[in-house]
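Take a look at the structure below.
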Amino acid sequence: MQTLVGLILMAAGALGAISPYSAWYLSTGWKFKDAEPSEAALLMNRLGGIAGVIVGLVVLVSSCSMAGGERAVVEQFKNSLLAGEVRDIKVGFVEARSLSKEDLDRAVELMAKSPMSAFDPGNSYGSSGAATIYYEDGTTDELVLFGPSGGIELHPSSGKAYRFESPELESLFRSRMDGT
């Protein structure tokens, strides 16, 4: 969406910078018959157009850099899993239980290999369970079990959430939530 806004700002700004008479006519000139813009009005349209192009370019570049940052979150998460940095995964809200060694290894393997899709969690929030991934360096990641997307979700601090597209992973965590 930001990319589209940036492109629209650049197009409108380019119109004002390249053809200030056309920009004046589209903004106010159409209201007056046989009117001509003053040099000051043309200068303001030209300067406003240049500013619009610059702002549009900044919005466009920032939207591209944010999209790259989102991919970096997923890559960093998966690299941590593949590097064997996971010490423990605890499942539960109040009395969190650690996964067995076999389940831990299986969960890490499934999370590392399953595709992840980004989504906006929105303002409504609820889940059937939670899990915390503990790493060797003392950092943690939070998983929401069967939250807004209906599946296993990673909620980093970036604002976007990511859903694991793995029915097998969902089955593993569902069985651990049930206590089996």
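In segment 81-121, which residues are assigned to a helix (DSSP H, G or I), closer than 17 Å to Ala131 by Cα and in contact with a helix residue (DSSP H, G or I) (Cβ under 9 Å, 6 or more places away or on another chain)?
Initial filter on segment 81-121 (assigned to a helix (DSSP H, G or I)): 81-82, 101-113.
Right, trim to closer than 17 Å to Ala131 by Cα and you get 81, 101-112.
Of everything in segment 81-121, those that are assigned to a helix (DSSP H, G or I), closer than 17 Å to Ala131 by Cα and in contact with a helix residue (DSSP H, G or I) (Cβ under 9 Å, 6 or more places away or on another chain) turn out to be Leu81, Asp103, Arg106, Ala107, Val108, Glu109, Leu110, Met111, Ala112.
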Inset, instruction - State all residues of segment 133-157 that are assigned to a loop (DSSP other than H, G, I, E, B) and either more than 21 Å from Glu85 (Cα to Cα) or over 17 Å from the mean Cα position of the chain (by Cα) (or both); if no residue qualifies, say none. - result: Glu136, Asp137, Gly138, Thr139, Phe146, Gly147, Pro148, Ser149, Gly150, Gly151
Inset, instruction - Output the qualifying pairs, or none if there are none: Cβ atoms under 7 angstrom, residues six or more apart or on different chains, first residue in segment 37-56 and closer than 15 Å to Leu15 by Cβ, second residue in a loop (DSSP other than H, G, I, E, B) and small (Gly, Ala, Ser). - result: none
Legend entry - All positions within segment 1-27 that are exposed (fewer than 13 other Cβ atoms within 10 Å of the Cβ) and over 25 Å from Val58 (Cα atoms): none
Inset, instruction - Go through (1) at pLDDT below 85; (2) surrounded by 17 or more Cβ atoms within 10 Å (Cβ to Cβ); (3) more than 25 Å from the chain's Cα centre (by Cα) and name the single condition Val74 misses. - result: (3)
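Just the residues that are of a type in the set (Val, Ile, Thr) and in contact with a strand residue (DSSP E or B) (Cβ under 6 Å, 6 or more places away or on another chain), please, taken from segment 127-165.
Matches in segment 127-165: Thr132, Ile133, Thr140, Val144, Ile152.
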Inset, instruction - Among residues belonging to segment 158-168 that are surrounded by fewer than 20 Cβ atoms within 10 Å (Cβ to Cβ) and not in a loop (DSSP other than H, G, I, E, B), point out the one that is farthest from the chain's Cα centre (by Cα). - result: Glu168
Inset, instruction - Could you tell me whether Ser114 is out of contact with any strand residue (DSSP E or B) (no Cβ under 7 Å at 6 or more places or on another chain), surrounded by 16 or more Cβ atoms within 10 Å (Cβ to Cβ) and closer than 21 Å to Ala72 by Cα? - result: no
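The values are calculated or read from the model by the stated rules, or taken from the named source; none is laboratory data. None of these values were measured; they are calculated from a predicted model. Virtual Cβ from ideal backbone geometry, glycine too; neighbours counted across all protein chains shown.
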